[in-house]
Every structure is written in structure tokens, then in C-alpha cells.
Amino acid sequence: MQTLTVAESGFLYIFKCIEYYSSGCFYLLLYAAALAFIFFKGTEKEKAVFLWPGIVTLLTVFNPLTPVVINSIFDINKEYYRFLWIAPVTLVLAYISARFVAQMNTTGERIIAAAGICLILAGSGVYLYSSGYTKAANIYKMPEEVIQVADIIHKDSDHEYPRAVCDYNMNMELRQYDASIMLTVDREAYMNAVAGGITDDMLKYDENPVNRILGVVVMGRQIPKEDFIKAMDDSNTEYIVLDHYSSMQYYLKKAGLKKIGETGTRVIYRYTSKNTEVFTLPDYSEVWKQQKFLSLWQH
Amino acid sequence: MTLQMLMGIMMIPANLILYFLFGSLITARRGNKDFSISMTVLTGFFVYYCLFDIPCLVIMLNWRPLSWLGNLWGVLMGIICIISCIFNHKVWKDKFSRLIVLLAKHKAFAAAVIVIVAAQLAIILNAYQFTLDAAYYVANVTTSLQTNTMNIYDPYTGDWLNHFEMRYLFATYPMNDAVWCYLTGIHPLLWTKTIMAGTALVISNIIYYRIALELFGRKTSAIGSMLFFAGVVNFFYISIFTSSNFMLTRTYEGKSLIGNIVMPMIIYIFIKLNEEHISRRFWRLLFLVCLGSTILSNSANMLVPAMVGVFGLPLAIRKRSIKVIVNCLICIIPCVILLLAYVGYVKGLFVFYTYPPLFGKH
């Protein structure tokens with residue numbers, strides 16, 4: 001819930017939060033209906049287990065005042081939705097469904113009741129793979145191209161920790177597979193660029209190298225080549241991975257980058273500079289020699 | 001490749017056996033009478049993470065390498081498992097022989113449960129999911145393994161961090177993943193997205209089973225259908241924010257375990273407390289779960305006290321017992337302490353650096 005804030009929404013925050021949280025899934029309503037059923041028809045045990053805690057949840061977690069109060073102490077804007085997990089929707093719906101089926105007398109009735117409940121659950125919910133089931137390409141659950149890009153960069157580089165900037169998906173996945181490839185852009189900066197958070201004025205006057213590289217790679221801005229090269233130097237970026245269809249390939253070639261390889265849908269460019277500061281891991285063995293184990297705790 | 005996958009699949013039951021061995025140290029103390037295999041696995045899950053956190057924090061805050069922790073934890077696990085075998089083998093023998101008889105009596109139920117869980121595993125473990133959070137959580141494991149350090153480098157970029165990020169410092173769940181990758185040679189992607197995903201799903205279903213057992217008694221068909229419907233609900237209760245979505249796609253995040261293991265576990269404990277709220281046994285278990293939750297995710301520090309409050313308050317009123325409130329407050333102490341520590345960190349009161357003062361060059 002990156003865009004929803006208590007400051008802007010006030011007491012309406014909780015309603016908007018529920019709307020975002022549900023996103024077309026009506027299970028919170030089914031949960032409320034199940035609690036109502038327990039209220040009228042439930043046993044004492046069912047009331048103790050589900051109803052009374054459910055009412056306390058309704059009065060606290062779902063209370064419009066609560067996020068406003070908590071937000072005055074902690075920044076809760078992005079995380080409040082997790083409090084909605086306190087309502088045990090899965091358990092209550094599964095229990096009520098099983099209870100209903102168990103009340104049927106014959107096996108045939110049970111099968112029909114179970115099928116009916118499944119239809120209701122499917123119809124009022126959103127299926128995990130509603131936009132399609134993608135089978136993992138390998139045991140890493142990564143597209144093969146992530147592995148290929150990592151291989152190409154390492155074969156080309158003469159040091160252990162080369163630094164790259166990639167297209168969106170590749171940038172998010174590359175270091176999950178291979179942490180010896182450094183990335184110039186972190187997730188927040190990348191998402192900011194994708195959301196249009198970098199203006200032309202920023203690219204012109206602000207010398208932030210990350211923004212300038214994102215301006216080229218993500219936004220397709222043809223900033224002056226010397227500015228782009230300076231950004232590459234300042235950030236020690238050596239490789240750029242682009243989508244095959246990116247219109248910026250011509251720009252990169254003109255800026256002096258050299259194509260070193262390609263995969264099914266990606267193309268990899270290398271920037272060579274004498275100014276690149278190669279990343280090496282800080283040598284902690286000096287610390288281990290000079291600072292005895294647990295000495296931190298003695299101080 | 002196939003060997004790694006096979007090893008990966010075998011690690012799911014291996015994890016459960018490990019939790020069983022750790023849990024037996026507590027549950028088998030009561031002897032045969034109350035010993036339950038499923039409760040032992042659940043208890044062991046929390047005991048395991050509570051114990052892991054101690055050497056992990058000590059070694060991490062002294063800037064020592066992951067390999068130190070891996071070797072030490074490997075030895076400690078071995079010792080704990082041997083001790084558990086020595087002290088508990090008689091209880092296990094008796095329990096497993098009774099279990100075999102029970103399973104033979106309820107073959108259809110056992111087969112149905114296996115099919116329900118295996119079908120879910122087959123679906124989620126073969127699926128490809130693109131999620132932004134993996135860029136941090138999975139990359140954190142890969143980075144720790146690559147650099148032989150713990151939480152010292154930014155998972156997003158690989159750059160060196162000058163201080164430990166407090167949000168992830170005490171929640172050492174990803175470091176356990178890194179330790180296992182170090183010990184077994186399994187790639188972090190296989191460990192986090194297949195092995196722990198499968199392990200978490202099975203544990204979650206064990207809790208559903210325990211709850212169903214409490215609610216339906218020995219009616220196996222009702223228990224089986226509750227497990228089936230829980231699976232259906234989880235697959236259809238989907239938006240990027242729901243706990244079900246976290247369980248099916250993002251178990252590498254500790255908060256997923258808070259939503260799908262810790263919270264149902266708290267509900268289960270309160271079901272038992274509704275019956276015997278004076279029993280110290282379940283209050284101790286609640287304390288263990290609350291303590292263990294802080295090691296899984298920083299999110300637990302707010303969510304778990306809220307959850308305990310929501311379930312504890314009606315219990316206290318119904319039983320007219322102040323002691324229930326007091327016990328609830330005691331149970332959430334670990335969460336509150338870490339919450340206050342986090343507030344102190346955010347307010348700039350303290351910071352844990354990733355280097356000692358003498359390490360001047362950085």
C-alpha cells in the first residue's frame with residue numbers, strides 16, 4: 001500500500017485499506033457472514049473460539065480510529081494491512097464449510113454440498129493463478145535468461161564483483177541468483193523511476209548518477225552523452241542489460257558502450273573506463289586479528 | 001541439477017524431523033500420556049528458531065563470518081539431536097507404534113490428507129512467481145552466502161552497509177536459510193523458494209489439523225474436509241496483501257510465517273486455553289511462540305501483541321480472570337522489548353555498526 005496514507009485519508013484510511021487489501025475478493029464479507037452465523041447458530045465453544053475474538057477484532061483492528069492513533073506513534077501507512085491478518089478468515093471459512101458438509105446425511109449430499117461451497121468460494125474469491133500459471137523454468141525458479149546474463153557478465157569481466165544496471169525484472173532477480181554481481185540501482189530508486197519520479201529538470205541539473213542512468217535505461221531520455229558517461233564513471237557501472245526492443249541501444253553505442261552478448265530477449269552492453277573503481281569486499285580478517293571474539297560485549 | 005532438486009525435496013521432511021527432535025526435548029518431558037507428534041513438530045519449530053538466534057546474534061554482532069555460525073550451529077544441532085534421541089527414543093518408539101495402528105485404522109483419512117497437502121505442494125513448488133520483495137529477502141541469503149558475512153551488505157545492490165539495519169537484525173530467519181545453504185551447498189533460491197516454502201506449507205497444515213481436531217473431535221471426515229477447504233480458501237483468498245498469498249508465494253519473508261504459522265498457532269493455543277486457562281503448559285507454549293515469532297520477522301513485534309490481545313481479552317472476560325491478562329502481558333514481553341528497541345533505533349538513540357571503531361578504513 002505504497003500510495004495510501006493515514007495523513008491523507010484520515011478516518012477513511014481503514015475503508016480504503018480494506019478495499020486495497022481485498023482487491024475484488026469478498027472473503028472478508030464471507031468471514032463476517034460466518035461470524036453472524038456463529039452468533040445465531042453457533043455453540044458456546046464456537047463463540048469462544050471465533051465470535052468473541054472476532055468482535056474484538058472488529059472493534060479494534062477494523063476501527064477507523066485505530067490506524068490514526070497508531071500512526072501518530074509509528075509510521076504504519078504501508079504496513080497496517082498486516083493487522084487484517086488477525087481476522088482468521090481461512091480458518092473460519094474452512095471450519096464453517098467443513099461443518100456444513102459434515103451435517104449432510106449421505107455421501108452424495110456431502111459431495112454436492114462440498115462442490116457448492118467450492119463454487120461459492122471460487123466465485124467470491126480471486127484465484128492465485130487467475131492471470132495464468134507459469135511453470136518454473138528450472139530449480140532456481142528463475143527465468144533461464146537471468147542465469148545466461150550472469151554468465152555473460154562474468155565471462156566478460158576480469159574481476160569478481162562487476163557492477164551492472166538492468167531492465168526492471170532483471171534488476172530485481174539477478175542478485176537473487178548471483179550475488180557477486182553488484183547493482184547500481186536499488187529497488188526503491190528503480191520503482192521511483194518507473195513511477196515517473198525523475199523529472200527532466202532533475203536529469204539536467206541534479207548530478208545524481210543513479211537518476212541519470214535510470215533516465216536513460218528506464219525513461220529513454222537521451223541526455224547529453226558526457227552527462228551519461230560521467231554518471232557511469234561516478235557510479236562505477238560497467239554493464240547495462242536492456243530489453244532487445246529498447247530504443248536506447250543506438251544511444252548506448254553512440255556513447256561508446258560495446259555490445260558483448262545477448263540472450264533470447266536481452267542485450268548486454270559493456271562500458272570500459274580507466275576510472276572504474278573495482279569493488280572488493282572489506283577485509284574483516286584484520287578485525288578478527290585485532291578484536292578478540294566477544295570483546296564487543298566486554299566493552 | 002536433478003540431484004539438487006532431489007536433495008531439496010528431501011530437505012522438507014528433514015526439516016520436519018529436525019523440528020521434531022528439537023520439540024521432543026520439551027514435549028516428551030511429560031511422558032507418553034500427552035506426547036503428540038504433530039504438537040512436537042510445531043513446538044520444535046519455535047524451539048529451533050529461539051535456540052538458533054542466540055549464536056547467530058553473538059557471531060553477527062562480533063562481525064564474524066557466516067561460516068563460523070554454520071560450523072557452530074551444525075555441531076550444536078548434532079549435539080541437540082543426539083541428546084534428544086538418547087532421552088526420548090522410548091517415548092517415540094511407543095508413540096510411533098501406536099501411530100501405525102491408528103493410521104491402519106484410518107487409511108482413507110491419512111491418504112486424503114496426504115493428497116490434499118501434496119497437491120498444494122505440487123502446484124506452488126512448480127510455479128514461477130515474480131515478487132519485488134524477493135529482491136531483498138532472497139538476495140539477502142545469496143549475499144550472505146557469497147560474502148561469508150551476515151547482514152553486512154545491502155542485498156539490493158551488494159554495497160557495504162556501515163550499520164546493521166535494525167528491522168532485520170533480530171529477525172534472523174534469513175540467516176538460518178543462509179546457514180543451511182552453507183552446510184548443504186544448496187543454492188539459496190532452491191532453499192528459500194522450494195524447501196522453506198514446502199516446509200512452511202506443511203507446518204501450516206499441521207496447525208489446521210490440530211485446530212480441526214479440537215473443533216471436530218475425532219470426526220476424521222470433517223477434519224479432512226476442513227483441511228481441503230482451507231486449501232481452497234488459501235488459493236482463492238488472493239490479493240498482494242493477504243496472508244494466503246504470502247503463504248503460497250512468499251515464504252522467504254518471515255512475515256509470511258507470522259501470518260500463516262504464528263497467528264494460527266496462537267489461535268490454537270487459545271482454543272486450548274479456553275478449556276484450561278489455568279494450565280501453565282499452554283501459557284508456556286504461548287510464550288515460546290511469541291518469543292519465536294520475534295526471530296521470524298520484525299513484523300511480529302506489533303502483530304503478535306495485537307493478536308494475543310484480541311484473543312486474550314475475551315478469554316479474560318469470560319473467565320473473569322485478571323491472571324489471563326497478566327499472563328498475556330508476560331507472553332508479549334519479547335515483542336514489546338524489540339518494538340521499543342526498534343523505536344529507539346529509529347529515533348537515533350543507538351546503532352549497531354558493521355565494523356568496530358578500530359576498523360578505520362571504512
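Kindly provide the helix-only [θ] at 222 nm of the protein assembly as shown, computed as the sum of -39,500 (n - 2.57) over DSSP H runs of four or more divided by all residues, to the nearest 500 deg cm²/dmol?
My calculation for the protein assembly as shown gives -19500 deg cm²/dmol from helical runs alone.
Can you grab the distance from the C-alpha centre of the stretch B:240-291 to the C-alpha centre of the stretch B:30-88, Å, no decimals?
19
Count, for each residue of B:149-156, the Cβ atoms from other chains sitting within 10 Å of its Cβ, then give me the mean as a whole number.
4
Gap in Å between the Cα centre of the stretch A:138-169 and the Cα centre of the stretch A:59-84?
What the calculation gives is 41 Å, centre to centre.
With viscosity set to 1.002 mPa s and temperature to 20 °C, compute the Stokes-Einstein D of the stretch A:47-194, Rh being the Kirkwood radius across alpha carbon pairs; µm²/s, no decimals.
103
Full extension from A:Tyr161 to A:Lys253: what is 0.36 nm times the residue separation minus their Cα-Cα distance, to one decimal in nm?
30.7 nm
Would you please name the trypsin sites (Lys or Arg not before Pro) within the stretch B:27-73 that are DSSP coil residues with at most 16 other C-beta atoms within 10 Å of their C-beta?
Those satisfying the criteria are B:Lys33.
Which of the lysines could a cross-linker span from A:Lys254 if the Cα-Cα distance has to be under 23 Å and same-chain partners fewer than 8 positions apart are dropped?
Correct list for A:Lys254: A:Lys204, A:Lys225, A:Lys230, A:Lys274.
Find out how many positive minus negative residues lie around B:Phe87, taking Lys and Arg as positive, Asp and Glu as negative, among other residues whose Cβ is under 15 Å from that of B:Phe87.
Surrounding charge for B:Phe87 is +4.
Per residue of B:128-136, how many C-beta atoms from partner chains lie within 10 Å of its own C-beta, taken as a mean?
6
Taking a quarter of the surface of the convex hull around the Cα atoms of chain A, what do you get in nm²?
Across all orientations, chain A yields a mean hull projection of 25.4 nm².
Using only Cα atoms, what is the ratio of the radius of gyration of the stretch B:284-348 to 2.2 N^0.38 Å?
1.18
Compute for the protein assembly as shown: radius of gyration divided by Kirkwood radius, i.e. Rg/Rh, restricted to C-alpha atoms, rounded to two decimals.
Ratio value, two decimals: 0.98.
Membrane-span-like helices in chain B: DSSP H runs reaching 15 Å or more (Cα, own axis), mean Kyte hydropathy at least 0.0?
Helices passing the filter in chain B: B:2-27, B:37-60, B:66-105, B:107-125, B:134-147, B:173-184, B:196-216, B:220-236, B:263-275, B:280-296, B:300-319, B:333-346.
Taking the 0 to 90 degree range and rounding to the nearest ten, how far is the long axis of helix A:27-41 tilted relative to the main principal axis of chain A, both from C-alpha atoms?
Long axis of A:27-41 versus the principal axis of chain A: about 20 degrees.
Just check the stretch A:6-124 against the gyration tensor rule for me: Cα atoms, a ≥ b ≥ c as the square roots of the eigenvalues, rounded for a/c under 1.5, and otherwise prolate or oblate depending on whether a/b exceeds b/c.
prolate
Kindly provide the pair-distance distribution of the stretch A:233-299 built from C-alpha pairs, with 10 Å bins from 0 and whole-percent values in order of increasing distance.
So the P(r) values, bin by bin, are 17, 31, 17, 13, 14, 8.
Given springs between every Cα pair under 10 Å in a Gaussian network model of chain A, which of A:Val218, A:Val101, A:Val287 has the largest fluctuation?
A:Val287
Under 1.5 on a/c is rounded, so check that first for the stretch A:88-128, then, if it is not, pick prolate when a/b is larger than b/c and oblate when it is not; a ≥ b ≥ c are the square roots of the alpha carbon gyration tensor eigenvalues.
oblate
Tell me, rounded to the nearest percent, the portion of alpha carbon pairs in chain B spaced more than 34 Å apart.
Result: 27 percent of Cα pairs exceed 34 Å.
Setting aside same-chain residues fewer than 8 positions from B:Lys255, which lysines have a Cα under 16 Å from its Cα?
List returned: A:Lys78, B:Lys193.
Per the Kirkwood definition applied to all pairs of different Cα atoms, how many angstroms is the hydrodynamic radius of the stretch B:240-362?
16.0
Any chance you could list P(r) for the stretch A:144-270, counting all Cα-Cα pairs in 5 angstrom bins from zero, rounded to whole %?
2, 11, 24, 26, 22, 11, 4, 1
A short reminder: the numbers here are calculations on the coordinates, not readings from a lab. Being a predicted model, the structure only gives us computed values, none of them experimental. Please note: Cβ atoms are built from the backbone with ideal geometry, for glycine as well, and neighbour counts cover all protein chains shown.
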